[in-house]
Amino acid sequence: MVAKRIIPCLDVKDGAVVKGINFEGLREVGDAVKMGVEYSRQGADELVYLDISASREERSTFTRLVEQIALGIDIPFTVGGGIGSLEDASRLLDSGADKISVNSAAVAHPELISDIASRYGSQFVVCAIDAKCIDGVWRVTTHGGSRLTDRELFSWAREAQERGAGEILFTSMDHDGTRNGYACPQYRRLASELDIPVIASGGAGSIGDIAEVLTEGCADAALAASIFHYGQIRIPVLKGELLRRGITVRI
Amino acid sequence: MTVIVDYDAGNIRSVENALSRLGCEYVLSADKAVIEAADRVILPGVGNAAEAMASLSAKGLVPVIRGLRKPVLGICVGMQLMCRHCEEGDVDGIGIFDCDVRKFTAAPDAKVPHMGWNAIGNLDGKLFKGMNGGSYVYFVHSYYAGLCSDTAATCRHGNTLFSASLRYENFYGTQFHPEKSGEAGALVLKNFLGR
């Protein structure tokens, strides 16, 4: 049985991880490769690196960083942020990324998903979706949640799957940053409507929240950032507790 | 010297990186003489089996690989190509391992592709020296080699028990990606490299 995955997410700007961290035994804050190695050593199953740079110069810095990450870590990693073309995806694949995630550009040009998937395979394409609930409808947003679109979460997720996305990474903007738990009913519905794996993101505040989204929420993986970076939850402790609760995880 | 067979079989950067991490010198080559002179040969593979087999054939490497008497490791599609037949593209393989490669049937508890970390058991042979059954390794594939007399490790996806690894004389194969499987994967590569 495939293990449920625990995925720390690292935001990178101009070659460095932006959010501070608080690992035991690792004081060098901001080094994307060292942080990845440390998370890998702790038992992370995968890593997501998001490029939150604004300029073209910073993007080329990120590409070089991806090469170093690929050389340094021995678990799969996804890179995302600002991927707008097949060429962007090719550049990151050549740098050693195992997967790329598309978000805003895919909403504007859904054929981007098909183009990348048909060239490099579905396993390479993660469709990230940021959505918020407005008047009972889960509306897709872009550009970090700042722009509301007419698309609806569940139909867009289905379309992404049909176009060849290999995974859906859904972030509830209503839950992100609250640390009050994930949007479980929405993950449960996504899991029932899709054939591809669903990664939950946004709202993790406790081990119980992660256990809930992996069981009640039927998510295949749980992604989180700050609770890992600030040392609030250590991955070995988290996985030990998930295992104790009967959830299949890699120890 | 370790040679990674260079035959346009998708992204092999991660295999190169893994060997670099282990301090192993390697060359990429599709040259018959270089491959035959190597101490060890790695046949990587990502993507479509039929296209990979066509590429291997076009470079004249099928009989070269079949004739090698040194350790050979096929990874993922590389391992599948070393089997008798691949359902993907209905293509005959190199025919080293005594089994066929078929597509998984999707089920609610067995999504296809089979992607992620899964436990392997019934470990047999030098690749798994020092590893305990139940160790987790990383898989990404939609087709699988069934169980056969060459099976060297097993894995379960839904109701399907398949070969996570195959072995015949000097030939080894892993369906999983040792280069992406953390410490467990590094151990498999070290065992293959004799380190």
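The values are calculated or read from the model by the stated rules, or taken from the named source; none is laboratory data. Computed from a predicted model, the values in this text were never measured in an experiment. FYI the Cβ positions are ideal-geometry reconstructions off the backbone, even for glycines, and counts take in every protein chain you see. For accessibility, only protein heavy atoms count, side chains too; no ligands or nucleic acids. Shrake-Rupley method; radii C 1.70, N 1.55, O 1.52, S 1.80 Å.
Report the FRET efficiency, 1/(1 + (r/R0)^6), for A:A16 and A:S146, where r is their Cβ-Cβ distance and R0 is 30 Å, rounded to 0.05.
Values: r = 23 Å, r/R0 = 0.78.
Approximately 0.80, to the nearest 0.05.
Let me make sure I get this right: for the stretch B:67-137, a, b and c are the square roots of the gyration tensor eigenvalues over alpha carbons, sorted descending. Under 1.5 in a/c it's rounded, otherwise prolate if a/b > b/c, else oblate. Which is it?
Judged from the Cα gyration tensor, the stretch B:67-137 comes out oblate (a/c at least 1.5, b/c at or above a/b).
With bins 10 Å wide starting at 0, give me the P(r) of the stretch A:106-251 over every alpha carbon pair, in whole percents.
Once binned at 10 Å, the Cα pair distances of the stretch A:106-251 give 12, 40, 34, 14, 0.
Going toward the positive end of the dipole of chain A, with +1 on Lys and Arg Cβ and -1 on Asp and Glu Cβ, which of A:L10, A:I69, A:G205 do you reach last?
A:G205
Strictly greater than 21 Å: what percent of every Cα pair in chain A meets that?
Above the 21 Å cut-off, chain A has 55 percent of its Cα pairs.
Using R₀ = 35 Å, calculate the FRET efficiency as 1/(1 + (r/R₀)^6) where r is the Cβ-Cβ separation of B:R84 and A:I52; round to 0.05.
0.10
Need the full-extension length gain, B:D31 to B:L147, defined as separation in residues times 0.36 nm minus the C-alpha distance. One decimal, nm.
38.5 nm
How long are the semi-axes of the ellipsoid equivalent to chain B, from square roots of 5 times the Cα gyration tensor eigenvalues, in whole Å, largest first?
23, 20, 15
Can you tell me the dipole magnitude for chain B around its Cα centre, using point charges on the Cβ only (Lys, Arg +1; Asp, Glu -1), in Debye to the nearest 20? Please report the intermediate quantities before stating the final value.
Numbers: 19 positive and 20 negative charges, 98 e Å.
Approximately 480 debye in magnitude.
Counting other Cβ atoms within 10 Å, keep those with at most 11, restrict to DSSP loop, and tell me which trypsin sites (Lys or Arg not before Pro) in the stretch A:132-167 are left.
Here no trypsin sites (Lys or Arg not before Pro) fit, given the DSSP loop and packing criteria.
Grab the Cα-Cα distance for A:E67 and A:E216, subtract it from 0.36 nm times how many residues apart they are, and report the gain in nm with one decimal.
Residue separation times 0.36 nm, minus the Cα-Cα distance, leaves 49.9 nm.
Given DSSP loops and a limit of at most 13 other Cβ atoms within 10 Å, what is the longest stretch of chain B that contains no such GluC sites (Glu not before Pro)? Could you put the intermediate results ahead of the total?
Working: sites that count: B:E25, B:E169.
Longest site-free region, per DSSP loop and neighbour criteria: B:26-168.
Using Cα pairs under 8 angstrom and six or more residues apart, how large is the relative contact order of chain B, in percent?
Details: 444 pairs, mean separation 36.8, N = 195.
19 percent.
How many angstrom lie between the Cα centre of the stretch A:172-251 and the Cα centre of the stretch B:81-100?
40
For the protein assembly as shown, what does the helix formula give at 222 nm: sum of -39500 (n - 2.57) over DSSP H segments with n ≥ 4, over the residue count, nearest 500 deg cm²/dmol?
Helix contribution divided over all residues of the protein assembly as shown: -9000 deg cm²/dmol.
With a/c under 1.5 counting as rounded, go ahead and sort the stretch A:132-183 into rounded, prolate or oblate using the C-alpha gyration tensor (a ≥ b ≥ c being the square roots of the eigenvalues; past the cut-off, prolate if a/b is larger than b/c, else oblate).
Prolate shape, in that a/c is at least 1.5 and a/b is the bigger ratio.
Classify the protein assembly as shown from the C-alpha gyration tensor, please: rounded if a/c falls under 1.5, else prolate or oblate depending on whether a/b exceeds b/c.
Prolate shape, in that a/c is at least 1.5 and a/b is the bigger ratio.
If you take the accessible area of B alone, add that of A alone, and subtract the area of the pair, what total do you get in Å², probe 1.4 Å, to the nearest 100?
2200
For the stretch A:94-229, give the magnitude of the charge dipole about the Cα centre (Cβ charges: +1 Lys/Arg, -1 Asp/Glu; no others), in debye to the nearest 20.
Numbers: 11 positive and 19 negative charges, 37 e Å.
Its charge dipole is roughly 180 debye.
Direction-averaged shadow area of the convex hull around the Cα atoms of the stretch B:1-96, nm²? Numbers along the way, then the final one.
Working: hull surface 21.2 nm².
Here the figure is 5.3 nm², rounded to one decimal.
Under a 5 Å amide H to amide H cut-off, with H placed in plane at 1.01 Å, what residues pair with A:D51 once short-range neighbours are removed?
The list, which skips near neighbours in sequence, is A:V12, A:G80, A:G81.
Enter the accessible area per residue of the stretch B:2-193 (Å², integer; probe 1.4 Å; all protein chains in place). Please list the in-between numbers first.
Numbers: 7130 Å² over 192 residues.
Counting only protein heavy atoms, the per-residue value for the stretch B:2-193 is 37 Å².
Anything losing 30 Å² or more of accessible area from the isolated chain to the full protein assembly: pick those residues out of the stretch B:157-189, probe 1.4 Å, ligands and DNA/RNA ignored.
Going by heavy-atom accessible area, the residues of the stretch B:157-189 that drop by at least 30 Å² are B:K180, B:G182.
Anything over 25 Å Cα to Cα? Flag those among A:K4/B:K190; A:K99/B:K103; A:K132/A:K239, in the order listed.
A:K4/B:K190; A:K132/A:K239
Starting from the amide H of A:E167, placed 1.01 Å from N in the peptide plane, find each other amide H under 5 Å away whose residue is 5 or more places distant or on another chain.
A:C127
Work out from phi, with θ = phi - 60° and the Karplus expression 6.51 cos²θ - 1.76 cosθ + 1.60, the ³J(HN,Hα) of each residue of the stretch A:233-248, listed in order in whole Hz, and give x for Gly and Pro.
Result, ordered by residue: 10, 8, 4, x, 5, 4, 5, x, 6, 4, 4, 4, 8, x, 8, 6 Hz.
Would you mind working out the magnitude of the charge dipole of the protein assembly as shown relative to its Cα centre, with +1 at each Lys and Arg C-beta and -1 at each Asp and Glu C-beta, to the nearest 20 Debye?
Value, rounded to 20: 1000 debye.
Enumerate the whole-percent occupancy of each 5 Å bin, from 0 to the last occupied one, for all C-alpha pair distances of the stretch A:179-230.
5, 24, 35, 20, 10, 5, 1
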